[in-house]
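*Asks:* I am attaching a structure below and will ask some questions about it afterwards.
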Amino acid sequence: LENLQPEIKELAKRLRYEVAVRGKQLGWSEKVARFHFTKNMRRIVTELYIRDNCHPFQATLLVWVQIPMWVCVSLALRNCSVGAVGSAVQEQFSSGGALWFTDLTAPDSTWILPVFLGLVNLLVVEV
C-alpha cells in the first residue's frame, strides 16, 4: 500500500486537472465536480489494488484469524491447568516446568514469559 501512494498522488493530481477541465466545459458546479472526482478516484484506486493484489483488508486478515485462535488456546490452557482439580493433567503441569518455571500452574512472578511472548507476537505482526 505504501509503495502505491506516490502513484495514487500522481493519478489524483492528473484526475483533478481532467475533472476541472471537463467541469468547465460542461458547466458543472463544485459539488458535481467533486462527486465525479471522488467516484473516478475510487475506481482508479480499486483498479490499482486489484493490479498489485494489495487490498487494505488483506493486511488485517491475519489479525482477525490470530485473535480468536489466541483466545481459544488461552482458554484451553487455562482449563487444563486450573479447570480440573486433582486430575492427572494438573499434576503433570505442576511438576513439568523447565529453567526458572518449574510449576506451570503458578503465575510467572518474573514476567519473563509474558513479556517474551508479547514481543514475539509483536514481531510476527510487524513482519
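Where a number appears in this text, it was derived from the coordinates with a stated rule and is not lab data. Everything quoted here is computed from the prediction, not taken from an experiment. Note that we place each Cβ from the backbone using ideal geometry, even for glycine, and neighbour counts take in every protein chain shown.
*Asks:* To the nearest 0.05, how large is the calculated FRET efficiency for PHE116 and GLU30 if R₀ is 35 Å and r is the Cβ-Cβ distance? Walk me through the numbers before you get to the answer.
*Replies:* On the way: r = 56 Å, r/R0 = 1.61.
It comes to 0.05.
*Asks:* Can you give the local net charge around VAL21? Use residues other than it whose beta-carbon is closer than 14 angstrom to its beta-carbon, Lys and Arg +1, Asp and Glu -1.
*Replies:* Local charge sum for VAL21: +4.
*Asks:* Obtain the nm distance between the two label points defined at ARG16 and LEU1 by a simple spin-label model: each point lies 7 Å from its Cα along the Cα-to-C-beta direction.
*Replies:* Going from the ARG16 label point to the LEU1 one covers 2.2 nm.
*Asks:* Another question, then. More than 17 angstrom separation, counting every C-alpha pair in the range 1-48; what % is that? It would help to have the intermediate numbers written out before the result.
*Replies:* Values: 380 of 1128 pairs.
Beyond 17 Å sits 34 percent of the P(r) for the range 1-48.
*Asks:* Lys and Arg at +1, Asp and Glu at -1: add these up for the other residues within a Cβ distance under 14 Å of ASP52 and post the number. Walk me through the numbers on the way to the answer.
*Replies:* On the way: positive: ARG51; negative: GLU2, GLU7, GLU47.
Here the charged neighbours net out to -2.
*Asks:* Pick the calculated mean projected area of the Cα convex hull in nm² for this structure from (i) 9.5; (ii) 7.5; (iii) 12.7?
*Replies:* Recomputing mean projected area of the Cα convex hull in nm² here picks out (iii).
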